[in-house]
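The values are calculated or read from the model by the stated rules, or taken from the named source; none is laboratory data. These numbers were taken from a predicted model, which means no experiment stands behind them. Note: ideal-geometry Cβ built from the backbone for every residue, glycine included; neighbour counts use all protein chains shown.
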Amino acid sequence: MNLNDEQVEHASFGTGKVIGSGDGRINVRFTEEVGEKSFLYPEAFDQHLKMSDPQKQEQMGEEVRQKKILMAEEKRAEEQKREEEEVRLAEEKAAARKPARRKSTTTKKKA
């Protein structure tokens, strides 16, 4: 979504105007006293920023939900990879502790 020149609201800083975005960040110019602020994008719209246009706010809400889903999937994948690595290391340790079986050189007589 192109946010340049869009008006946003911040609970502490008030009304601002988007002056740029990229690399996972959004830059907003507020009043002269507050100045320019940079926020994570789209995460800032989950807690700090709100689009002034209700329709665009709804679209932004969907972007935030999609980002949360993606982040949760990435976290689960990382946890699974970590667990698999722990299992592999435990198996390697167990194998290293286990003495090798020696073959018997004597044969047993059958009775």
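Details
- Residue in region 1-43 that is modelled with the highest pLDDT, counting only those that are closer than 25 Å to MET71 by Cβ and aromatic (Phe, Trp, Tyr): PHE39
- When GLU9 is tested against (1) among the charged types (D, E, K, R); (2) in contact with a Ser or Thr (Cβ under 8 Å, 6 or more places away or on another chain); (3) assigned to a helix (DSSP H, G or I), only condition (3) is not met.
- Note on region 48-98: residues that are aliphatic (A, V, I, L, M), touching a strand residue (DSSP E or B) at 6+ places or on another chain (Cβ under 7 Å) and either part of a helix (DSSP H, G or I) or farther than 30 Å from PHE30 by Cβ (or both) total 1.
- Condition met for PHE45 (assigned to a strand (DSSP E or B) and among the aromatic types (Phe, Trp, Tyr)): no
- If you go through region 9-51 and pick out every residue that is crowded, with 17+ Cβ neighbours inside 10 Å and aliphatic (A, V, I, L, M), you end up with 6.
- Here the condition is being in contact (Cβ under 8 Å) with a residue 40 or more places away in the chain, among the acidic types (Asp, Glu) and farther than 14 Å from ASN4 by Cα; of GLU74, GLU63, it holds for GLU63 alone.
- Scope region 12-31; condition in a loop (DSSP other than H, G, I, E, B), among the small types (Gly, Ala, Ser) and either touching a residue at least 12 places away in the same chain (Cβ under 8 Å) or closer than 16 Å to ASP53 by Cα (or both); matching residues: GLY24
- Any hit, region 52-72, residues being touching a helix residue (DSSP H, G or I) at 6+ places or on another chain (Cβ under 6 Å) and either surrounded by 15 or more Cβ atoms within 10 Å (Cβ to Cβ) or polar (S, T, N, Q) (or both): yes
- Given (1) in contact with a strand residue (DSSP E or B) (Cβ under 6 Å, 6 or more places away or on another chain); (2) hydrophobic (A, V, I, L, M, F, W, C); (3) in a loop (DSSP other than H, G, I, E, B), index of the condition MET1 fails: (1)
- Hey, VAL34 in contact (Cβ under 8 Å) with a residue 12 or more places away in the chain and in contact with a Lys or Arg (Cβ under 8 Å, 6 or more places away or on another chain) or not: no
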